[in-house]
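Read-outs throughout are calculated quantities, based only on the coordinates presented, and are distinct from any laboratory measurement. Quantities reported herein were computed from a predicted structural model and do not represent experimental measurements. Glycine gets a Cβ as well: all are built from the backbone with ideal geometry, and neighbour counts include every protein chain shown.
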Amino acid sequence: MKKITQKVILAAALGAALSSCSQNVAKDSLDVGIAAQIVSTNPCDAATACSNAFVNAMYKFKEDGKSDFCEELTVRKDSDLAVCEVQIRNPKFADLISSCKSQLTSKLEAIVSARNVGLKVHANVNSTEPLGLGFKLESEVQERDTSKGYYTVTGDVKPKQVILTFDDGPEPVNTLSILRTLEEAGGVKALFFELGLRVQESPETTKLVAAQGHSIGNHSWDHPNMRTIPFEQAAAQIKRTQSILLKVLGWVDPFFRFPFGNRTPQLDQMLTDNQMADFYWTIDSNDWRMVNADGTVRTNAQVVKETIAQLDKKGRGIILMHDIHRRTAELLPELLRLIAERGYTTVVLEPAQAGLKKAPPILMNQAVRLGSVQN
Ligand SMILES: [Zn+2]
């Protein structure tokens, strides 16, 4: 039922974006994007809906001869601004909100303070000061053989073991804050599923993730729903991301996660043919959801509580988070504290095949195999 509602809303967003008759298209488009996040069942659906609505609304304002988007955004309530935080902070959109960026940023900082209430420890992403966490999380490396493909939901870890995964980055500010927290929590290693487009935009951030010893996987070029595009296009997305990671790092782990978790049998076969693993998740932090169903701002304490509740129930598995979001960087110290308190070990996976990780010659062969996909 939720999915149907979401489709209707997204269709309405598209209709609003395409229409040129209404004077309120920009406002409608933004409203629809914000509403879509509230009903969406999928993190990246919501991010995309909001992003599209935001960008479409901005273009419409330009078409109407208005110089900026401030008139629309400055009157928004806090929960609306929280939904579009990523876009407001994104330097790509700075010229469209130049006259109100500092005002909006101040409002966001007030939202940040309010949403961290109730946490014992949280990160200030703009600070490089040590957090003084006072705990250490044990972590270990485990290998998985991907030579015949490998699909996993739980990571096949033992009870009381978790794999931390961060999707959709890299993001220069938030990813770095997350790296600092992981380091301070005992040199915890995680698995980052990066978008090729963002690697292209922030290659230095990807290099820092790698330098800290984390595993890095492919999460497509720009996050399409691979069930709704032709196989050749989806394969090209995977190949292009593999190529840029190889270009930036000289290696890439043979790990992949489908945007939205939306697998297809044909793409799964392609991953298997290329000795790549396909990761789903066990525990969804829902860290992307900024607003509750009742329209109030969702607090970081809520995100942590609900994530830990799932962990307590499952007892092991893969936790899904997103390093693109500032709130994820803020709440990570508290989440890790509670995971440590429960006696969990974090696990980072590496491919078992000798020399596969960080071995450009073999991975270049793999890239050649990916290159053989028709597109
Ligand atoms: Zn994603």
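Given R0 = 35 Å, the distance between the Cβ atoms of residue 352 and residue 228 translates into a calculated FRET efficiency of 0.55. The simple Förster model, with R0 at 51 Å and r as the Cβ-Cβ distance, assigns residue 160 and residue 103 a FRET efficiency of 0.60. Maximal additional length on extending the residue 314-residue 77 stretch stands at 81.6 nm, based on 0.36 nm per residue less the C-alpha distance.
Across all Cα pairs in the stretch 75-114, the calculated P(r) in 10 Å bins from zero up to the longest distance comes to 31, 62, 8 percent per bin.
A protection proxy built from the mean count of other Cβ atoms within 10 Å ranks the segments 84-95, 189-200, most packed first, as 189-200, 84-95. What separates the Cα centres of the stretch 203-265 and the stretch 125-161 is a distance of 19 Å. Label-to-label distance, residue 128 versus residue 110, with points set 7 angstrom from Cα along the beta-carbon direction: 3.1 nm. Legend: ranking of residues 220, 102 from fewest to most surrounding C-beta atoms inside 10 Å; resulting order 102, 220. Cβ-Cβ distance of residue 142 and residue 294, R₀ of 56 Å, FRET efficiency by 1/(1 + (r/R0)^6): the value works out to about 0.85. When the chymotrypsin sites (Phe, Trp or Tyr not before Pro) in the stretch 125-168 are filtered for DSSP coil states and for at most 16 other beta-carbon atoms within 10 Å of their beta-carbon, the remaining sites are 135.
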